[in-house]
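Just below is one structure, and these are the notes that go with it.
Taken together, the values in this text are just the output of simple stated rules run on the coordinates, not laboratory data. Note that the structure is predicted; figures quoted are calculated from it, not measured. For neighbour counting, all protein chains shown are included, and Cβ atoms are generated from backbone atoms with ideal geometry for every residue, glycine included.
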Amino acid sequence: MGEPGSPPEMPVSPEVRDDRMPRIEALVALYDAVGWSAYTRTPETLLAALAGSRRVVTAWDGVRLVGLARIIGDGATIAYLQDVLVHPDHRRTGLGSRLVAAAFAPFGDVRQHVLLTDDEPGQRAFYESLGFAEAHDVAPRQLRAFVRFAG
């Protein structure tokens, strides 16, 4: 608590950075916290995925990893938002939007910003608030999106 009459203490917003690759333990903890256990079954594959990404930005609450976004692609014609993770303790704070903005920051001139995500109720509203549209909703073009998962 502060002194009487002083303004209330505001929580410190997590710091978004692009210069710090998390240790594997921090990555596994974050991916597990958001329920993405398919990524944590083989931590070495997760590390390889991040190492092969075009850009990785992270969010830190002190020394705890609480958010991550990564871009894959060629960086000239397409930038693909592969992962956006926000620890449940930091959801609905604007952190996801900050991570996406920081991840795409160097790719403003890239023609296509693309992502594939789960069909959860909040996903559409979140990504539309960031200027994305579902492929079939883009006008005047008629677009199709295809995906194939192994196994």
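Key figures for this structure:
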| item | result |
| --- | --- |
| Proxy reagent accessibility, fewest Cβ within 10 Å first, across R148, R20, R54 | R148, R20, R54 |
| Debye, to nearest 20: dipole size of the chain, +1 on Lys, Arg Cβ, -1 on Asp, Glu Cβ | 460 debye |
| Cut-off under 5 Å, modelled amide H: who pairs with A59 long-range | R17, V66, G67, L68 |
| Cα centroid separation - region 98-151 against region 29-47, whole Å | 22 Å |
| Order of F126, F107 - criterion: other Cβ atoms within 10 Å of each residue's Cβ, fewest first | F126, F107 |
| Calculated log₁₀ intensity ratio I(q)/I(0) where the Debye formula runs over C-alpha points of the chain, q = 0.17 Å⁻¹ | -1.07 |
| Residue-averaged 222 nm ellipticity for the chain, from DSSP H runs of 4+ at -39500 (n - 2.57), nearest 500 | -7500 deg cm²/dmol |
| For V138, V66, order by how many other beta-carbon atoms lie within 10 Å, fewest first | V138, V66 |
| Fluctuation leader among P121, P22, P140 - the chain, Gaussian network, Cα springs under 10 angstrom | P140 |
| Most mobile listed residue (Q112, Q82, Q123) in the chain, GNM with C-alpha springs under 10 Å | Q123 |
| Selection from V86, L50, A135 lying farthest towards where the dipole of the chain points positive, charges on Cβ | A135 |
